[in-house]
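See structure below.
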Amino acid sequence: MTFDDPTLHPAPGSEDFSVTGAALDETMLALAFERFGGPEVLSLVERPIPLPGAGQVLVRVLSAGFGPWDVLEREGALAPFASSAPVFPYVPGAEGAGTVVDVGAGVQRLREGDRVCGLLPLRSPKQGFHAQFVVVDADHLWPVPPRLTLPQAAALPVDGGLAMHAVAVALALGPGDTALVFGASGGIGHMALQFARQRGARVLAVASGADGVALAERLGADMAIDGRRHALAPALRIFAPDGLDAALLTASTPDAGTIVDALRPGGRIAWPRGVSAPPARDDIAASAFGAGAGARQVHAACRAAARGPFHLHIEARFPLADAAAAAAAIGRHHLGRIVLDVP
């Protein structure tokens, strides 16, 4: 199975970057805000290019992931959970991809010119990936999987790590398991569907819209339905007449009770924090998981993406300066992920 969208591949030379040029410049462009608020607080500013310390790497960012957490971060909703007070100007961006420019003392695994994707903590003040350069701890950077373009790699760490945790740890899917992925056309869901299939599970994908169903089918779902139009209970009876082994809820749903009822005794259900918890049932294992769990699984997600078959769906790309349009797109129906192109 192959997925080759020519719009995701940059023009020849567009990923090139002159390290010599970086050494001559002392400033970079970054998307930043001086206070929490709406899209109007964002602006492109000049900032000093950071220097890597011991164990750190300086990355020339070429693509950055953009997700709902970026909107929450800009609005200040994540500030109460941060380890310390925010530092302004605040440069957001938890994930991204680019090339290594410089490495700090003690870094041996990476070297100048390597293509990498990386992750920064979602809930700590930072100078993030929504900038031309970012400093990242070396152990939070991974080689770009060869099957992925840089825009795809930029959107892998957050949702890919969460999807891998759900499939491999929380649900522990294996060959022959029957699993439901609710929200299978979204960021976490479309990756979890593929990781589950890689592990030999059969997957019922509940997607959003006809385009979401088509994507889920392309990605290998054994059965896919439109959660907006089709009743779930009949589909569950057809797909797993003896009961589901596992279910992943990537979004809140009034059908949560139906899904719980469809699990066999000893089944498993999991959901990322922020999704409404499903009804309790004594004879199943239920678990919520958060960003920290996903961060521990990014390396495994990169390996799975390299092993394939795997496709990370990019719905839209916006220039870094147009993050307000990216935020508006997040609030509309879309499949997969949205990314920012960094000049």
Accessible area (Å², 1.4 Å probe, nearest 10) - H299 = 100
Quick one: how many Å² of M28 are accessible to a 1.4 Å probe, rounded to 10?
-> 10
For R303, the net charge from surrounding residues (Cβ-Cβ under 13 Å; K, R +1; D, E -1) works out to +3
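Semi-axes, largest first, in whole Å: what does sqrt of 5 times each Cα gyration tensor eigenvalue give for the chain?
Details: eigenvalues 257, 83, 67 Å².
Output for the chain: semi-axes of 36, 20, 18 Å.
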Counting only heavy atoms of protein chains, what accessible area per residue, in Å², does the chain have with a probe of 1.4 Å?
-> 42
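Could you check what % of the DSSP bridge pairs in the chain are antiparallel, to the nearest 5? Write down the numbers at each step before the final one.
On the way: 32 of 61 bridges.
Antiparallel bridges: around 50 percent, rounded to the nearest 5.
Kindly state, as a whole number, the per residue volume in cubic angstrom of the convex hull around the alpha carbon atoms of region 60-172. Don't skip to the answer; put the middle values down first.
Working: hull volume 14.5 nm³, N = 113.
About 129 Å³ per residue, rounded to a whole number.
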Total charge of the residues flanking V206 in space, meaning their Cβ is under 10 Å from its Cβ, with Lys and Arg +1 and Asp and Glu -1, is -1
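All other residues with a Cβ under 12 Å from the Cβ of P145 taken together, and with Lys, Arg as +1 and Asp, Glu as -1, what is their net charge?
On the way: positive: R115, R147, R303, R307; negative: none.
Surrounding charge for P145 is +4.
Can you give the FRET efficiency to the nearest 0.05 for A285 and L44, using r as the Cβ-Cβ distance and R₀ = 51 Å? Show your work: numbers first, answer last.
On the way: r = 47 Å, r/R0 = 0.92.
With R0 = 51 Å, the Cβ-Cβ based efficiency is 0.60.
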Treating each Cα of region 181-300 as an identical point scatterer and ignoring solvent, apply the Debye formula and state log10 I(q)/I(0) at q = 0.13, 0.22 Å⁻¹.
-> -0.47, -1.42
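Report the full-extension gain for the segment D139 to D222: residue separation times 0.36 nm, less the Cα-Cα distance, to one decimal in nm. Each step should come with its number before you reach the end.
Details: separation 83, 0.36 × 83 = 29.88 nm, distance 3.62 nm.
In short, 26.3 nm is gained.
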The Cα radius of gyration of region 256-335, divided by 2.2 N^0.38 Å with N its residue count, comes to 1.50
May I ask you to compute the full-extension gain from H230 to A325, defined as 0.36 nm times their residue separation minus their alpha-carbon distance, rounded to one decimal in nm?
-> 31.1 nm
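Out of the DSSP beta bridges found with both residues in region 247-319, what percent are antiparallel (nearest 5)?
Values: 0 of 8 bridges.
So the antiparallel bridges in region 247-319 amount to around 0 percent.
In the chain, carbon and sulfur make up what percent of the accessible area (probe 1.4 Å)?
On the way: 7720 of 14330 Å².
The C+S portion of the solvent-accessible surface of the chain is 54 percent.
The values are calculated or read from the model by the stated rules, or taken from the named source; none is laboratory data. Since we're looking at a predicted model, the values are computed, not measured. All Cβ positions, glycine included, derive from the backbone under ideal geometry; neighbour counts span all protein chains shown. Ligands, DNA and RNA are excluded from the accessible area calculation, which covers all protein heavy atoms including side chains. Shrake-Rupley method; radii C 1.70, N 1.55, O 1.52, S 1.80 Å.
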